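See below for the structure under consideration.
Nothing in this text is a laboratory measurement; each read-out follows from the coordinates by a stated rule. Here the structure is a predicted model, which means the values were calculated and not measured. Counting neighbours? That spans all protein chains shown, and the Cβs are built from the backbone with ideal geometry, glycine included.
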Amino acid sequence: MSSPARRQVLRLGALAAAAVPLTGGSAAADDGTPRFPRAWFPITDHGAVGDGATDCTDAIRAAVRACHTAGGGHVLVPPGDWATGAIHLLSGVDLHVAEGATLRFSTDPAAYLPAVLTRWQGIEVYNYSPLIYAYQQHDIAVTGGGVLDAQSDTEHWWPWKGSGQYGWEQGMPNEFADWGTLERWGAEGVPVAERVLGEGHYLRPSFLQPHSCRNVLIEGVTLRNSPFWNIHPVLSRNVTVRDVSVECQGPNSDGCNPDSCSDVTIRRVTFATHDDCIAIKSGRDRDGWRVGVPSRNILIEDCRYLTGGSAVAIGSEMSGGVSDVTARRLHLPRHPEFEEDSVAWVLNVKSTPTRGGYVRDVRVTDVHAPAWTYVPFEVTFQYSGGTGGEHFADVSGLTAERWSLGGPCEYPVRVRARPEAPVRDIRLADLTFADAAQDILLESVTDVTMRDVVVNGEPR
């Protein structure tokens, strides 16, 4: 009789046969989505035990190495509960977490050492490894119908935020001093090699981060209870995130944050987060200018937003620039479980006078939002009260078309720019706001086009 892992390999191999090259070596489809040989590397072949208690870190790493060395394929996490620390992917490897499998990540910070190069809120630093990480790799994936559970809560990771809402109490460690140090390092241009935190420090790691990678696929999995940002591609290109669920009500629990990335597709993702669902970024202040890599060619479509700050945010760390963003067919449903905590913004372009950078050619269409929103369309240069500085973002070419907002909101559209840096070329068409407390507010805006915009039953 074959083992469960062996049966799973055979079943998955048959399903994948039509989509995978017959020759050895991984390859990418025309759209940059990676494709993998039909070679399977069950983690159980390397000693993993799915009892939820046995540490499987070494077994998973061994399977990843074996897969990579063999020319690529699928590292299989079969049904079961698998305890692990940091997982580092290598070129040609698909980490396939099968339906019925849960990867439970250690809450011990030591499991994410040594420190690796990452970006923390837009500034480069060596810090705790993201829970799943890849650096300068190509043709990599995390797929399957299983669950990635970071196990963060008010006793693990989240208290480092320094907020009583997330379990912090007086006398406990928090991130404030380390964040202040990192901000200073970025402002002063301290060499990145000298920016080392990690052990003994308190900046929480991201959940899943491909850094400086190309041809990346994240598909099918559910991410739960991240320490910090969930899916955080950095300086990568050809990134596809599809048919994924992100569930986290912790601090800074952004769902998917492309950061200085190009050619990104985010499709059919369901978000239930406490912070922004999608936030497009490109570095913070002087460190973002130094790196100087924009985010561009971003496609977002057919996503569902149950809770979160913004459905689509740009910023606030966008000093390297953001351009050519298309978001379409976005659904912000009423949901009985989240009746009092839905999504606050549909599109939120947020910056401060220290950011610089640019935001150009952003188009959001076909939005259905029967739930409450705070300000569906917003542009602000005063994010989090930031008013000091002379480096304003250059914002132009924002389009909103075919929005139906049935729930209550404060302002339907609010743009607060500065006379020194007006927002240019805003196009609003076929928008309905059924229950707005205030009217449209535009400050320091030029070239506004409005067509078939209705607020509280009245055309604008």
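Take Met450, Met172, Met318 and order them by how many other Cβ atoms sit within 10 Å, fewest up front.
Working: Met450 15, Met172 11, Met318 31.
Fewest to most other Cβ atoms nearby, the residues stand as Met172, Met450, Met318.
For segment 372-418 versus segment 173-203, the spacing of their alpha-carbon centroids is 31 Å.
A crude spin-label estimate for the pair Arg65 and Asp430, with each label 7 Å from Cα along the Cβ direction, gives 5.6 nm. For the chain, the longest principal axis of the C-alpha atoms and the axis of helix 176-188 are separated by about 70°.
Using only the alpha carbons of the chain, what is the convex hull's orientation-averaged projected area in square nanometres? Can you show the working numbers first?
Working: hull surface 88.2 nm².
It is 22.1 nm².
Rounded to the nearest 20, the size of the Cβ-charge dipole of the chain about its Cα centre is 1140 debye, with Lys and Arg at +1 and Asp and Glu at -1.
Relative to the compact-globule scaling 2.2 N^0.38 Å, provide the ratio for the alpha-carbon radius of gyration of segment 180-319. Working shown, then result.
Working: Rg = 14.8 Å, N = 140, 2.2 N^0.38 = 14.4 Å.
Ratio of Cα Rg to 2.2 N^0.38 Å: 1.03.
Panel order for Glu317, Glu199, by other beta carbons found within 10 Å of each beta carbon, from fewest to most: Glu199, Glu317. A convex hull fitted to the Cα coordinates of segment 118-178 yields 118 cubic angstrom per residue. Each residue, Ala29 and Arg416, gets one label point 7 Å from its Cα in the Cβ direction; the gap between the two is 4.4 nm. By DSSP, the beta bridges lying fully in the chain are antiparallel in about 10 percent of cases.
Starting with the fewest neighbours, write out Tyr374, Tyr128 ranked by other beta-carbon atoms found within 10 Å of each beta-carbon.
Details: Tyr374 17, Tyr128 29.
Fewest-to-most ranking of Tyr374, Tyr128: Tyr374, Tyr128.
Modelled spin labels at Asp366 and Val190, positioned 7 Å past Cα toward Cβ, are 4.8 nm from each other. The alpha carbons of segment 100-233 stretch over 40, 34, 21 Å along the principal axes, in descending order.
Computed from Cα positions, the angle between helix 57-69 and the longest principal axis of the chain comes to roughly 90 degrees. Here the extension length gained between Glu390 and Thr326 equals 20.1 nm, from 0.36 nm per residue of separation less the Cα-Cα distance.
Axis of helix 4-16 versus longest Cα principal axis of the chain: the two differ by about 50°, to the nearest ten degrees.
Could you estimate the translational diffusion coefficient of segment 276-460 from the Stokes-Einstein equation, with Rh from the Kirkwood formula over C-alpha pairs, at 37 °C and 0.692 mPa s, in whole µm²/s? Display every interim value, and only then the final one.
Values: Rh = 16.3 Å.
Approximately 202 µm²/s, per Stokes-Einstein.
For segment 58-125, a Kirkwood hydrodynamic radius built from all Cα pairs, placed in the Stokes-Einstein relation at 25 °C and 0.890 mPa s, yields a translational diffusion coefficient of 182 µm²/s.
Kirkwood radius and radius of gyration were both taken over the C-alpha atoms of segment 295-356, and their ratio Rg/Rh is 1.04.
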